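Input: a single structure, listed below in structure tokens.
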Amino acid sequence: MEVLGSRDILNLDRALGLYRVIDEDGNPVAGEPSLPDKLLLDMYTYMIRARILDGWLLKLQRMGRVALHAPNKGQEASAVGATLALKREDWLFPSYRELGALLVRGMTEEEILDRALTTIDDPLKGSDFAIYGHRKYNIVPAPVPVANQIPHAVGAALAAKIMGDKIVTMTFFGDGSTSRGDFHAGLNFAGVFKAPVVFVNQNNQWAISVPLKRQTAAPTIAVKGIAYGVPGIRVDGNDVIAVYTVAREAVERARSGEGPTLIEAVTYRLGPHTTADDPTRYRGEEEVKEWERREPLRRMRRYLISRGLLTEEEDKALWSEWEKRIEETVVKVLEKPPLPPEVILEDVYEEPPWNLKEQMKELRESIRLLKELGIELE
Amino acid sequence: MPVVQVKLPDIGEGIAEGEIVRWLVKEGDTVKRFQPIVEVLTAKATVEIPSPYTGKIRKLLASEGDTVRVGQPIAEIETDTAGPVKEEKEERPEEPRKEEASGQPRPQLEATPIETQAGQAGIARVKAPPSVRILARKLGVDLSKVKGTGPRGVITKDDVLAYAEAQKREPQPPVQVAKEAEVEEERIPLRGVKKVMAERMVEAKTRIPHAYVVEEVDITELLSVRERLKPLAEEKGVKLTILPFIMKAAVKAIREYPLINSSLDEDKGEIIVKRTVNLGFAVDTPHGLMVPVIKNANTKGLFQLAREVRELARKAREAKLSLDEVRGSTFSISNYGSIGGVLGIPVINPPEAAILGVGRIRKEPRIRDGKIEERSLVYLTLSFDHRILEGGYATRFLVRVKELLENPILLLAGEGELE
């Protein structure tokens, strides 16, 4: 399956077209994809898990338990499909809307919730301005400011290349990020030095309230890669098989020393930008309805059923199994104690200087006093 | 069954309060933990708030339309035993505290048990910092009886002082105290026209830097002109008051001083000069202040202005003004003098640049050509937006209005001015 076709980097067709394996109703576009059944079912399961977890994070935010959440609904296929192409030793530089990617890397719902609720087990110890990340799974914490992770991924890829590690980095970012300088610097540098990096643009049509047509005058985002000498390929981001297929190709290219690839995954954010956003103020219901029809889970479910890999009953069971498991996890995590306040002074210096030590002492003393008075800390 | 309060959660990013849009449950309903119970409109979006507990809704503490602050209780739920109370026990096998003789479970942040099955009184714990405890001891105040107003019920210095103060007054017979201390009062909801007035006046007084200039105008001659015009006016079915003359003068002066008839576009930093004068005039009505608008006043003659003033004022009093008749004014006049004030300082009607106030007509002695004469005088006040208008410009405009009123020939000369 040579998706990228010829080695001709400046292949405009790939950057302007739309690669697809199954159509909006889940029918194969050109023959059955030759992927293992288990992989196809895994893709679907990861998307279900991401969808359910996403709903919980929204709910927990509304209960005042999670500070902020960027809903994923509608974009599960791009995150899951692309990340499945990575190997365990590869590194992920996500943005803030890729729950599916975290799950594929091996992060559990519990670990994600620990982070979101900053419990005692939060792998990032409550640090602000970093969404999800986990060292154990080679996931670099996602920064809140958009596009920052692009140069990070390029730098890490280049470092690996210099050190002779056969690893690939993959970074996710939205359409809005392509207007940032970091996107230019990252792609240019990666192109020049053939960094083993895969750029996955989740083009979800809206950068908060800014529509794609106000983001760029270029016909597609994928076409931007060409100017950097980086092959650009546009794929249906709601077709998990198509995303996986192009990502695998891009990862292989990177690993074999041929350099970076820019993947534009055309998708749609069905929910608000974040829990502090009201999309009805800037986009119409019609548009959302149209994209709801194309959403990735419905499509994959239809495909799996038509291919005989899943029955309606098995599908229902799969959903209720994960709904139950994740609710149990939520209840469990809600009961965990919060992080101790001292962590705010950790992880800056290996050996804290005198002033931080003094602050720590004062903090402990204050906490002790407050405890004595029976005042709880938030 | 323990009853817990559901408080408006901190729903993030600087949200301090929200409006209850719709309750999704009613009193008596059974709810499941995580089930959406209420829709709340915040500054950012309308959101559904899930219930933190499983149980029965005992009471809704806020009505639809109410604005509630983050942390404010919005409902009471009778929880089943498997609720969060159990969690607390597990979480806090803490050292027993002196104030907490009952050994009750510690309340969670968002759950304040207000009663238990056994009907025990609320929380015995006293929350107060050392300085407050010392103060209480000095004043002989029993802290367990003081209601804390600080964060999460912490007792503050002020709470102790207020309690001590109240204690001092206590020995007097309570009935008498109540009578003396009670102020008879009535609460009138701010709504309708009054609410609009309140909002617009706050906007005007907080956003617009007002400056003022006052002139005394001698309208003796104008009054005699009016007397002479009366028969003609009556013939046309018009009752001629002094207000149309003042309108005429203002409109004429605006021709020479167009910035008076303008507004400020703050976002763009531009002054919008209006070519049309839509004249608002304040009418005191039984249901509040109304400001009907005479459209295109700059194209209308004296009689026509008089007709419209009368008609619009009648409609205002009968509350029959259409929306179109109360909006779009570009300059306003307040003729408070018709009720009685000698000198008033009106507030600008936003987004206009100025408003003209007309005081009561007084008869006073004035020296003219070396002789004392009885003259009819009126104070005109111009309140103006000092971001748009300089004091000099505003004063020159007012002086021009004065000249026109003191020389009625200038005022009424010209084609169609009388119509």
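Observations on the model:
- log10 of Debye I(q)/I(0), alpha-carbon scatterers only, for chain A at 0.08, 0.13 Å⁻¹: -0.42, -1.06
- 16 Å reach of a label modelled at B:Asp66, 7 Å along Cα-to-Cβ, counting backbone N of region B:1-45: B:4-9, B:17-28, B:37-41
- Chain A - charge dipole about Cα centre, Lys and Arg +1 at Cβ, Asp and Glu -1, debye rounded to 20: 700
- Between B:Ala166 and A:Val343, the FRET efficiency from the beta-carbon distance, with R0 = 51 Å, is close to 0.70.
- Against chain B, whose longest principal axis is taken from its Cα atoms, helix B:220-235 shows a tilt of about 90°.
- Pair A:Val210, A:Thr311: separation of 7 Å Cα→Cβ label points (nm): 5.1
- The mean count of C-beta atoms from other chains within 10 Å of the C-beta of residues in B:30-40, rounded to a whole number, is 2.
- Value of relative contact order over region B:192-412, rounded to a whole percent, pairs C-alpha under 8 Å and six or more apart: 30
- Helix B:243-256 and the longest principal axis of the Cα set of chain B meet at an angle near 90°.
- Among A:Gly31, A:Gly229, A:Gly257, residue whose mean-square fluctuation peaks in a GNM of chain A (springs only between Cα atoms under 10 Å): A:Gly31
- About its Cα centre, region B:1-53 has a charge dipole of approximately 200 debye under the convention of +1 per Lys or Arg Cβ and -1 per Asp or Glu Cβ, with nothing else charged.
- The residues of region A:97-210 expose, per residue, 35 Å² of accessible area to a 1.4 Å probe.
- Farthest toward positive dipole pole in the protein assembly as shown [+1 Lys/Arg, -1 Asp/Glu at C-beta], among A:Leu363, B:Ile388, B:Pro9: B:Ile388
- Antiparallel content of DSSP bridges confined to the protein assembly as shown, in %, to 5: 70
- Cα gyration tensor shape of the protein assembly as shown, rounded if a/c is under 1.5, else prolate or oblate by comparing a/b with b/c: oblate
- Fraction of beta bridges assigned by DSSP in chain A that are antiparallel (%, nearest 5): 20
- Averaged over the residues of peptide A:322-332, the number of Cβ atoms from other protein chains lying within 10 Å of each residue's Cβ is 1.
- Each chain gives up part of its surface: A and B jointly bury about 2500 Å² of accessible area, both sides summed, for a 1.4 Å probe.
- Between helix B:157-169 and chain B there is an angle of about 90 degrees, using the helix long axis and the longest principal axis of the Cα atoms.
- Peptides A:188-194, A:346-352, A:38-44 ordered by average Cβ neighbours within 10 Å, highest first: A:188-194, A:38-44, A:346-352
- Dipole of chain B, positive direction: furthest Cα of B:Gly140, B:Leu305, B:Thr30, with charges on the beta-carbon: B:Leu305
- Percent accessible area from carbon and sulfur atoms, the protein assembly as shown, protein chains only, probe 1.4 Å: 53
- By average C-beta atoms within 10 angstrom, highest first, the peptides A:215-227, B:368-380: A:215-227, B:368-380
- Label-point separation in nm, B:Ile188 to A:Ser320, each point 7 Å along Cα→Cβ: 6.3
- Average partner coverage of A:62-74, which counts Cβ from other chains inside 10 Å: 4
- Summary of the geometry: region B:347-419 and region A:243-297, compared by the centres of their Cα atoms, lie 68 Å apart.
- About its Cα centre, region B:213-339 has a charge dipole of approximately 600 debye under the convention of +1 per Lys or Arg Cβ and -1 per Asp or Glu Cβ, with nothing else charged.
The values are calculated or read from the model by the stated rules, or taken from the named source; none is laboratory data. As the structure is a computational prediction, the values presented were derived from the model and not from experiment. All Cβ positions, even for glycine, are placed from backbone atoms using ideal geometry, and neighbour counts span all protein chains on display. For the accessible areas, the whole protein counts, side chains as well, though only heavy atoms, and no ligand, DNA or RNA atoms are used. Shrake-Rupley method; radii C 1.70, N 1.55, O 1.52, S 1.80 Å.
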